[in-house]
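Structure first, then comments.
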Amino acid sequence: MKKRIATVSLAGCFGCHMSLLDIDERLLDLLQQVEFDRTPLNDLKRFTRHCDIGLVEGGCCNEENVYTLQEFRRNCDVLIAVGQCAVMGGLPVMRNAIMHSEDPLRECLETAYLNSDKIYNPSNRIPSDEALPLLLDKVYTLADVVKVDYQIPGCPPSGETLWNILEALLAGRPVELTYEQLRYD
Amino acid sequence: MPDNPYSNGGKMEKSVVSVCQRYANDRTRLLDILLDIQHELKGITPAAMEVVAQRTGITRVEVEGVVSFYAFLSSEIKGERMIRVCDDIIDRQKGGREIAQIFAQELGVAVGGNSADGRFSLEYTPFLGMSDQAPSVMINDTIFTALTREKARRICSRLREGAEPADLVERYGDGNNAHLLIRSEVTNNIRHAGEVLLNTLDANAGLIRSLGSQPQAILDELDKAGLAGRGGAGFPTGRKWRVAADTRADRSYIICNADEGEPGTFKDRVLLTERADLMIAGMTVAAYSVNSTAGIIYLRAEYAYLRPWLKSVLQHRREQGLLGRAILGREGFDFDIRIQMGAGAYICGEESALISSCEGLRGEPKNRPPFPVEAGYLGYPTIVDNVETFCCAARIMELGSAWFGSIGTGRSTGTKLFSVSGDCTYPGVYELPFGTSVQQLLKQVDAPDAAALLVGGPSGQMINMSQFERRLCLEDLPTGGSVMVFSKRRNLLEIVDQYLQFFIDESCGYCTPCRVGNVFLKKRIEKVRKGLCELEDMDYLKELGRTIAMTSRCGLGHTSPNLVLSTMQNFPLVYAVLLKEHGDGLQASFDIQSALEESRRLAKRRSMIYDPNYDEA
């Protein structure tokens, strides 16, 4: 039986997904061994079945991220945090630095939408449509919200790294990464 | 109203300039300069820092760095009366926090603030060294012990009338505590005097005998006696002195570490009070053996009440020819000692941080090698030893290595002073041979319901009842002297939690494992206490604890995880009852409702996903 994989990008930039595509022709090898369930690569928006592996890019900055992540945890045996945002919060987590304010979330939104001279916002309003998920008080990493089985650092981790990890995982052997694959300077 | 240096710049500047001149504008005496300014002006304002910087030829930022490092220095102006309430766990258990509240109410001052009229300041301080007579409070330089509510109120009313703190002492303690130059209500609480240090003795016999022999012979004698450092690490003293003696340099220094800051340790307080002569004789022996001409006693700020006494002992010795030029008539042997006051920093008990502090720097540890014995104070070979170690050295020189070596165990020779506090009938100082079992000690202190024992302070180990057979010595349970007894009524995790906060506060911040790691440890312990952890959090604590211990730069980080690790090992059930397995893969510590609270308020709507009655809104 082919292993089932699901992927998603939460508060990320899809860079890690692009990196996955960087495994190039080995995608064909991968498809020999796995079947993709819910993933932006096939545009499936819901889980169709329980999965073996879940790859999650990005951290959690709003309620929809949390909901999706909890769904991934319930539906995947092995959950992998892919990339810096998923592991440590990445760029979005910079807003957690507004910690000494009385009202950090308001300060963050006002800086982003009202008080900067770099923005064009004639309505002078902070977006608050019902369709927009509510923001969390701060950005959380995946491991803050659910249990995570593996974390892959990197911004993004290279296609080579992702390939090595998936290959090892599917073959049931320990992952061995070279020094270069875990070096990011 | 206290002087405002901004509105009265001329006067401030005059005082600061005169303080700087007192120390010849020497930047290595910066700590003394700043302590004097703090004392005279009740604070070191940015304007005052500027003047100090100009006078001593360093930058203002360097001055600010030192001011911000030490708890007893402040950049804001404090009240004429600074009240520091000891907030160690033992003091807390004896009601220290209630006492602080009484001071707060009676004097109209919040903890951490000044009273409206600017006369009083109130603070918590991590450890005053009075666990055997807790709760304790320090008002300016005067110590008050065994406080009750009534006594605290009496003190407050006299303070409001404008009385000097020193005049509020109601009764004097025993021994030299009643001496004209100490006049303190601190009591010695010597419960058991052993044959090396606390029995009647002749303080100078060892020094006199030493001067009759070759320096080399002194080092041999110490080696043979097997004397190990008494501060906790247990490094062989003879070997330390020998390295200093063998290092070629123009001069060398002898420093006595009287900065006993390890919570639960107060035995040096007793030695400084009752055996000051012996300690200085020991320093003089060290000076003779390595040919040193200058020494420093680094006295912790909390023991400032002993300073006039120690100064007089030094002066008396100079007059007797036991210190100064040509000691005991021996031409060519000159040695003198100055007192360096500390300023409230636990880390300065670490020898290289202590040296930094003596040099007028932030009390940060130095890189090793070179070790202080090779390049220490001002770059010269420096011997740093504990008060008790110097006392032992003097006794060994008097009665010989065979006598000393016959007491104790193989690797831990001689007696050791233990300061015992907590849930026992007779807290105090016990001089017992190394190798005494915990059981024997507990019998003496009368602690029938002891359930846990913290040996060596928060940087030591918490042991359980099945380990009370263990022996107090370097081979088994080492301690610098601190032994805290806890009964079954005490919440061990609260103790762990509080001491992690202590390490977070006292970390110098130089290296990441210690600065950040201890915060992570505390966060996880808080999570355990709330019942939000699972078994795997124990692995996290263990791994993080080991990482901090292995990768930190100095002893503080090497030992700060000990309490977590030893309680996990020796009291697994205390943790186990708080762990819960959820099995749903979600983190129990993550609460989506509180994470959304702020957003709901700002967006003025509820969550479509997490509020079940969203539609009714």
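List of remarks:
- Filtered residues of the stretch A:1-43 (kept if open to solvent by less than 10 Å² (accessible area, probe 1.4 Å), of a type in the set (Val, Ile, Thr) and not in a loop (DSSP other than H, G, I, E, B)): A:ILE5, A:THR7, A:VAL34
- Take the conditions (1) touching a helix residue (DSSP H, G or I) at 6+ places or on another chain (Cβ under 7 Å); (2) open to solvent by 50 Å² or more (accessible area, probe 1.4 Å); (3) farther than 30 Å from B:LEU500 by Cα; B:ASP117 misses just one of them, which is (1).
- Pairs are defined by a Cβ separation below 6 Å, a sequence spacing of at least 6 or placement on different chains, a first member in the stretch B:121-135 that is not assigned by TED's automatic domain parsing to the domain that holds B:GLY422 and at pLDDT 95 or above, and a second member that is part of a strand (DSSP E or B) and surrounded by fewer than 24 Cβ atoms within 10 Å (Cβ to Cβ); the pairs so defined are B:SER121/B:MET82; B:SER121/B:ASN114; B:ASP132/B:GLY428.
- Condition check for A:VAL175: at pLDDT 95 or above and in a loop (DSSP other than H, G, I, E, B): no
- Residues that are on the phi < 0 side of the Ramachandran plot, part of a helix (DSSP H, G or I) and touching a helix residue (DSSP H, G or I) at 6+ places or on another chain (Cβ under 8 Å) occur at least once in the stretch B:427-446.
- Residue within the stretch B:540-547 that is surrounded by fewer than 22 Cβ atoms within 10 Å (Cβ to Cβ) and aromatic (Phe, Trp, Tyr) present: yes
- Any hit, the stretch B:76-84, residues being of a type in the set (D, E, K, R), assigned to a helix (DSSP H, G or I) and out of contact with any Gly (no Cβ under 9 Å at 6 or more places or on another chain): no
- For the stretch B:161-181, a tally of residues being surrounded by 15 or more Cβ atoms within 10 Å (Cβ to Cβ) and closer than 29 Å to B:VAL109 by Cα returns 4.
- Candidate set: the stretch B:579-617, residues that are more than 11 Å from chain A (Cβ to nearest Cβ) and open to solvent by 50 Å² or more (accessible area, probe 1.4 Å); chosen: the one nearest to B:LYS530 (Cα to Cα): B:LYS580
- Residues being among the acidic types (Asp, Glu), open to solvent by 50 Å² or more (accessible area, probe 1.4 Å) and in contact (Cβ under 8 Å) with a residue 24 or more places away in the chain - total across the stretch A:104-149: 2
- Qualifying residue in the stretch A:156-171 (condition: within 14 Å of chain B (Cβ to nearest Cβ) and either closer than 28 Å to A:LEU20 by Cβ or of a type in the set (Lys, Arg) (or both)): no
- Conditions (1) touching a residue at least 60 places away in the same chain (Cβ under 8 Å); (2) among the hydroxyl-bearing types (Ser, Thr, Tyr); (3) surrounded by fewer than 22 Cβ atoms within 10 Å (Cβ to Cβ): number failed by B:THR425: (1)
- Taking the criterion of being within 13 Å of chain B (Cβ to nearest Cβ) and assigned to a helix (DSSP H, G or I), the residues of the stretch A:94-125 that qualify are A:ARG95, A:ASN96, A:PRO104, A:LEU105, A:ARG106, A:GLU107, A:CYS108, A:LEU109, A:GLU110, A:ALA112, A:TYR113.
- Selection within the stretch A:44-91: residues that are in a strand (DSSP E or B) and within 12 Å of chain B (Cβ to nearest Cβ). The member of this set that is surrounded by the fewest Cβ atoms within 10 Å (Cβ to Cβ) is A:ASP77.
- Selection status of B:ARG553, away from chain A (no Cβ under 14 Å), buried (at least 18 other Cβ atoms within 10 Å of the Cβ), of a type in the set (D, E, K, R) and closer than 24 Å to B:CYS348 by Cβ: yes
- Hits in the stretch B:315-361 - residues which are under 23 Å from B:VAL373 (Cα atoms) and in a helix (DSSP H, G or I): B:TYR346, B:ILE347, B:CYS348, B:GLY349, B:GLU351, B:SER352, B:ALA353, B:LEU354, B:ILE355, B:SER356, B:SER357, B:CYS358
The rows are residues; the columns are (1) open to solvent by less than 30 Å² (accessible area, probe 1.4 Å); (2) assigned by TED's automatic domain parsing to the domain that holds B:ALA244; (3) without any contact (Cβ under 8 Å) to a residue 40 or more places away in the chain.
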| position | (1), (2), (3) |
| --- | --- |
| B:ARG325 | no, yes, yes |
| B:ARG330 | no, yes, no |
| B:ILE337 | yes, yes, no |
| B:SER357 | yes, yes, no |
| B:LEU378 | no, yes, no |
| B:VAL387 | yes, yes, no |
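- Residue within the stretch B:528-535 that is surrounded by fewer than 22 Cβ atoms within 10 Å (Cβ to Cβ), away from chain A (no Cβ under 14 Å) and among the basic types (Lys, Arg) present: yes
- Any hit, the stretch A:126-140, residues being among the hydrophobic types (A, V, I, L, M, F, W, C) and either more than 14 Å from chain B (Cβ to nearest Cβ) or under 19 Å from A:VAL34 (Cα atoms) (or both): no
- Pairs where the first residue, in the stretch B:217-241, is at positive phi and the second is not in a loop (DSSP other than H, G, I, E, B), C-beta under 8 Å, 6+ apart: B:GLY226/B:PRO236; B:GLY226/B:SER401; B:GLY226/B:PHE404; B:GLY226/B:GLY405; B:GLY226/B:THR413; B:GLY232/B:SER459; B:GLY234/B:ALA228
- Among the residues listed as B:ILE58, B:ILE83, the single one being open to solvent by less than 10 Å² (accessible area, probe 1.4 Å) and closer than 28 Å to B:ASP259 by Cα: B:ILE83
- Assessment of the stretch B:193-202 against the conditions (under 23 Å from B:TYR426 (Cβ atoms), surrounded by fewer than 21 Cβ atoms within 10 Å (Cβ to Cβ) and in contact with a Ser or Thr (Cβ under 6 Å, 6 or more places away or on another chain)) yields at least one matching residue.
The values are calculated or read from the model by the stated rules, or taken from the named source; none is laboratory data. Computed from a predicted model, the values in this text were never measured in an experiment. We place every Cβ from the backbone using ideal geometry, glycine too, and count neighbours over all the protein chains shown. Heavy atoms of the whole protein, side chains included, go into the accessibility calculation; ligands, DNA and RNA do not. Shrake-Rupley method; radii C 1.70, N 1.55, O 1.52, S 1.80 Å.
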